[in-house]
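**Q** I have a structure I would like to understand better, so I am pasting it below and will then ask my questions one at a time.
None of the figures in this text is laboratory data; all of them are computed from the coordinates on show. Since the model is a prediction, treat every value here as computed from it, not as a measurement. Here the Cβ positions follow ideal geometry from the backbone for every residue, glycine too, while neighbour counts run over all protein chains shown.
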């Protein structure tokens with residue numbers, strides 16, 4: 001399940017449950033919409049309640065993060081352990097767009113520790 005909301009110019013895409021290849025078009029549309037609607041140049045993605053994400057959706061997420069980075073914007077991700085594990089597997093498989101996203105998550109973890 002995906003829900004988008006906007007508050008004080010910040011667009012948040014919230015996902016929960018399971019995300020698989022059938023959800024990729026909806027996730028892509030939600031992220032595209034969030035990018036267009038963001039006032040401050042950042043998009044928040046809350047996947048803390050995602051129990052499963054397949055490689056198609058994880059790749060979509062990391063590619064959108066890379067697209068935003070190239071535009072000088074940011075994707076701020078709140079991720080469940082399952083989402084992190086899938087992103088880490090994509091990184092190990094050589095998907096370059098996951099590296100900056102995982103680096104941002106690592107920095108965030110250090111700041112919260």
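**Q** Would you calculate, for the chain, the mean residue ellipticity at 222 nm contributed by helices, counting each DSSP H stretch of 4 or more residues as -39,500 (n - 2.57) and dividing by all residues, to the nearest 500?
**A** -16500 deg cm²/dmol
**Q** For the chain, what's the relative contact order in percent, using C-alpha pairs closer than 8 Å and at least 6 residues apart?
**A** 24
**Q** Arranged by the count of other C-beta atoms within 10 angstrom, fewest first, what order do 10, 53 take?
**A** In increasing order of surrounding Cβ atoms, one gets 10, 53.
**Q** Once the piece of chain linking residue 74 and residue 18 is laid out straight, how much longer is it, given 0.36 nm per residue of separation minus the C-alpha distance between them?
**A** 17.7 nm
**Q** So how compact is the chain: Cα radius of gyration and Dmax in angstrom?
**A** 12.9, 38
**Q** From the convex hull of the Cα coordinates of the stretch 50-105, what is the mean projected area in square nanometres? Present the calculation step by step, with values, prior to reporting the outcome.
**A** Working: hull surface 13.3 nm².
Result: 3.3 nm².
**Q** Can you tell me what share of the DSSP beta bridges in the chain is antiparallel? A percent to the nearest 5 is fine. If you can, show how the numbers build up before the last one.
**A** Working: 6 of 20 bridges.
Bridges in the chain are about 30 percent antiparallel.
**Q** Gap in Å between the Cα centre of the stretch 61-87 and the Cα centre of the stretch 1-58?
**A** Measuring centre to centre over Cα atoms gives 10 Å.
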